2 protein chains.
Amino acid sequence: MMNGDDALDTQASVRRANLRRALQLVFRTPGEATRAGISRATGLTAATASSLVAELIEQRLVVEGPQAASTGGKRATTLSVDAEHHLILVVVIRPTDARLALLALDGAEVEVRRITYAAPERDRVLDAAIAAVGAEYGSRLLVAAAQLPGTTDGRRVLESVQLDWHDVPLAERWERELHIPVLLVNDVDAEAIAESAMEEASAGYRLFIHIGGGIGAAVTLDGELAPGPRDRAGEIGHVQVEFGAAARSCRCGRAGCLEAAASMTAMLGDGFDDSLDDDAIVALAATADEELLAEGARTLARTIKLIAAVLDAEEVVIGGPARVLGDRYLRLVQQEIDYTATGTVNVPVRYADGAASITTGVAQVALTHALGVRWSPAQLRAASASRPE
Amino acid sequence: MMNGDDALDTQASVRRANLRRALQLVFRTPGEATRAGISRATGLTAATASSLVAELIEQRLVVEGPQAASTGGKRATTLSVDAEHHLILVVVIRPTDARLALLALDGAEVEVRRITYAAPERDRVLDAAIAAVGAEYGSRLLVAAAQLPGTTDGRRVLESVQLDWHDVPLAERWERELHIPVLLVNDVDAEAIAESAMEEASAGYRLFIHIGGGIGAAVTLDGELAPGPRDRAGEIGHVQVEFGAAARSCRCGRAGCLEAAASMTAMLGDGFDDSLDDDAIVALAATADEELLAEGARTLARTIKLIAAVLDAEEVVIGGPARVLGDRYLRLVQQEIDYTATGTVNVPVRYADGAASITTGVAQVALTHALGVRWSPAQLRAASASRPE
DNA sequence: GAACTTCGTTCATTGAATAAACTATGACCG
DNA sequence: CGGTCATAGTTTATTCAATGAACGAAGTTC
């Protein structure tokens, strides 16, 4: 397709880059983009814009829509994302079940399959499900991405305690089956991208912190994961933040870990579980020990401050189950950050958007990989609103 | 010249990118690069490589050297950096003095001027020195970069306590005088780049920590400062790391700051001063309170761990005056990092290279800006060895 | 209805890389 | 020593993508 190296050494790469720019405009303003608009926005001539659009239509990435209202001359032909042909396969892998979703290019879920398994047969069942999707949708598949708890370099699962996978070349295996690019994404990274997809891309760093039974972090820049090797990035759950007598023991075997001090379990007690729904968490939080909550908030805030200062982060987003803890908790975190902030480093904290779904994040990563393009927040909201369920 | 927008919309941008790639190869392997070698390394045809080299020679960026030994056929003409024409102006600004250095493209210092001033007349004296350099070297100047303590967006000095500058548009002012691009660089960033220039570029994040009377951090990726807006990045000196009764008061007026706990002044007492030379620091450290040193090392290590974990940093480099504290201190830091490291996040710490000079770092930033090119560590070592002094 | 705007296409031209033929120079080898 | 081969580098025609200018189509304004 259009993916791959932005080596920009030859005319072909210029063409690729301009195709991407044109396609990005259609993705950003679906139904409003026009050939003339692309020409204006990119600085390319009208002739070139037309040529690019023609190629995108032929590749079944873009379709023409109705004529736009006149702005004083001939009416423009609107352009939208072609939602009828290509499909993105999103796989969300969890210890005992998985979710396979097929998304159209407009972000709408075309089909969802759920599978369950016991750990020993997980690989077999998963592979079979992948093969089934491949057999049914074949050439319509554009790209696939799998989200999983654990560390990954995008091609292999390096280490996943929850799945008991160690150095598994999953991408390669599924690529042989599906004949499309497959990439692997860490769960918190996907969550961060989903959140970021719900906002206009900003030029600064955004620090995303997932707080549930565990704690993980991800850094985004301009709507994408911060560049560089991300194999083990964001693994801050078991960094020591409490010392000496104050260090609480952690499920990992050590003591003083951030998770032991600031996770949902630390703040709400063993009654917390990652499988609880939002209402149950709210109910549990209502009965929580104020002091434990405050302590968790403080410890988290102190951690955040350091990282935000080094990166000059413009925003911190708290996601995961902690997202429903409400103003009380958020204020505690923000206060502790502000309290000692130097004035120059004074980063705002907020909760993640409830509308952001993991599936969206994974799909966005896949889309970026395959086409180098981002959905517009508006498009995603529309797509999730029209979700068949 | 060749700098500026990588707008990548037209053939011209392809040409620019390829010129940069060719030039980079000459910078990396001066005296060994050849047209045929460039062709092989870039994948471009020999004809294109020849054309690129011809243009670089005409621009006085590259010169031909002697014939290389035959590798079984016609002997190749070697290519080197043209050190005779273009000059890079590096300005290191400090509260009561400044250093203006003119560097050739091979990294050698062609001329150095020192000026001193009292604070009230600083602007006037500096501007006059800049004007004098401009008048003398005129069109040979390629680019200028100024290094200073304080925050900057590259164009303006946002805030510098040491210089008592607040939102000063220095780059614009000097550009009007010199008619070349001028950029401003934070002092710790320059130090980090200098260090990074002494190593082969690596794909991972490198965390650089300057420890002197103050503490600052910088993150490099692939030999350059991490992308994104860096206006206030790395300002970690006054993040609170000690709390309650343990929090020591800081010169900034608050208490518990990292500087108050882990700076050279915190560890060695008021006898420390940033103007001390290496020998004096070593002597001072020999009489230091072991416990204060250990405490500083511990606090620093705990700070480092968090940041390294979020970034998945591959290396931490300690620079500034602390660089001469010796094995004792370094081991304390490394031990505290290893002690609670999760095994996955276990980042090595080392001291900065003594050969790296601030001037080199500033010049490297300027060179990257102007030509998109990095010096090779070997080239820099050769240049600094041949320094007239 | 005439003048003007805006959209989009067609076509000759430009700039950069390519492919292939060619020259130059040196190594290797019988 | 002369022939063959390998490597370096140049020349020339070709290809590909974007440009610029002309132009047709469709709509608005007066």
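Here, each number is a calculation from the coordinates, and none is a lab measurement. A quick note: this is a predicted structure, and the numbers were derived from the prediction, not measured. A quick note on method: Cβ atoms are made from the backbone with ideal geometry, for glycine too, and the neighbour counts reach across all protein chains shown.
Summarising the amide proton neighbourhood of A:LEU184: residues at separation of 5 or more, or on other chains, whose placed amide H is nearer than 5 Å comprise A:ALA146, A:GLY154, A:ARG155.
Summing charges over all other residues whose Cβ lies under 11 Å from the Cβ of A:ARG173, with Lys and Arg as +1 and Asp and Glu as -1, gives -2. Other residues lying with their Cβ under 10 Å from the Cβ of B:VAL373 contribute a combined charge of +4, Lys and Arg counting +1, Asp and Glu -1. A simple charge model with +1 on the Cβ of Lys and Arg, -1 on the Cβ of Asp and Glu and nothing else charged puts the dipole of chain A at about 1080 debye relative to its Cα centre. The value of relative contact order for chain A, using C-alpha pairs under 8 Å at least six residues apart, is 17 percent. For the range B:9-142, the spherically averaged projection of the C-alpha convex hull amounts to 10.6 nm². The angle separating the long axis of helix A:187-197 from the principal Cα axis of greatest extent in chain A is about 50 degrees. Sorted shortest first, the distances from the A:ARG176 label point to those of the same residue in the other copies are 6.8 nm; each point sits 7 Å from Cα along Cα-to-Cβ. Residue order for A:GLU58, B:GLU195, fewest other beta carbons within 10 angstrom first, comes to A:GLU58, B:GLU195. Counted by neighbouring Cβ atoms within 10 Å, the residues B:VAL333, A:VAL92 run from fewest to most as A:VAL92, B:VAL333. If R0 equals 22 Å, the separation of the Cβ atoms of B:ARG113 and B:ASP167 corresponds to a calculated FRET efficiency of about 0.20. For the residues of B:220-230, the average number of beta carbons from a partner chain within 10 Å of their own beta carbon is 4. Relative contact order of the range B:1-139: 15 percent, from C-alpha pairs under 8 Å at least 6 residues apart in sequence. Per-residue mean of foreign Cβ neighbours for A:310-322 is 3 (Cβ atoms of other chains, 10 Å radius).
Using the Cα coordinates of the protein assembly as shown, the gyration tensor eigenvalues translate into equivalent-ellipsoid semi-axes of 43, 39, 24 Å, sorted from longest to shortest. Just so you know, the Rg over Rh for chain A is 1.00, from Cα atoms, with Rh as the Kirkwood radius.
Across B:LEU300, B:LEU292, B:LEU100, mean-square fluctuation computed from a Gaussian network of chain B (C-alpha pairs under 10 Å connected) peaks at B:LEU292.
DSSP assigns beta bridges within chain B; of those with both partners inside it, close to 65 percent run antiparallel.
Rounded to the nearest 0.05, the FRET efficiency derived from the C-beta distance between B:THR45 and A:ARG176 at R0 = 35 Å is 0.50. GNM remark for chain B: springs join alpha carbons under 10 Å apart, and the peak mean-square fluctuation among B:LEU126, B:LEU367, B:LEU44 falls on B:LEU44. Taking the C-alpha atoms only, the angle from helix B:358-371 to the longest principal axis of chain B is near 40 degrees. Remark: B:ARG248, A:ARG156, A:ARG381 ranked as B:ARG248, A:ARG381, A:ARG156, counting other beta-carbon atoms within 10 Å and listing the fewest first.
Taking amide H atoms as placed 1.01 Å from N in the peptide plane, the amide H of B:GLY65 lies under 5 Å from those of B:THR78, B:LEU79, B:SER80, each 5 or more residues away in sequence or on another chain. In nanometers and ordered shortest first, the copy-to-copy spacing of the A:GLY138 label point, defined 7 Å from Cα toward Cβ, is 7.3. To the nearest 0.05, what FRET efficiency results for B:ARG155 and B:ALA286 with a Förster distance of 41 Å applied to their C-beta separation? The formula returns an efficiency of 0.40 here. Within 10 Å of the Cβ of each residue in A:296-309, the mean number of Cβ atoms contributed by other protein chains is 4. Within a Cβ distance under 15 Å of B:THR71, other residues only, what is the Lys/Arg minus Asp/Glu net charge? Around B:THR71, the surrounding residues sum to +3. Here the Gaussian network model covers chain A, with springs between Cα atoms less than 10 Å apart; of A:VAL53, A:VAL182, A:VAL239, A:VAL239 fluctuates the most.
How about the range A:1-103: which trypsin sites (Lys or Arg not before Pro) there are in a DSSP loop, with at most 12 other Cβ atoms within 10 Å of their Cβ?
Those that pass, being in a loop and sparsely packed, are A:LYS74, A:ARG75.
Taking 0.36 nm per residue of separation and subtracting the Cα-Cα distance, full extension of the segment from B:HIS85 to B:ASP279 would add 66.0 nm.
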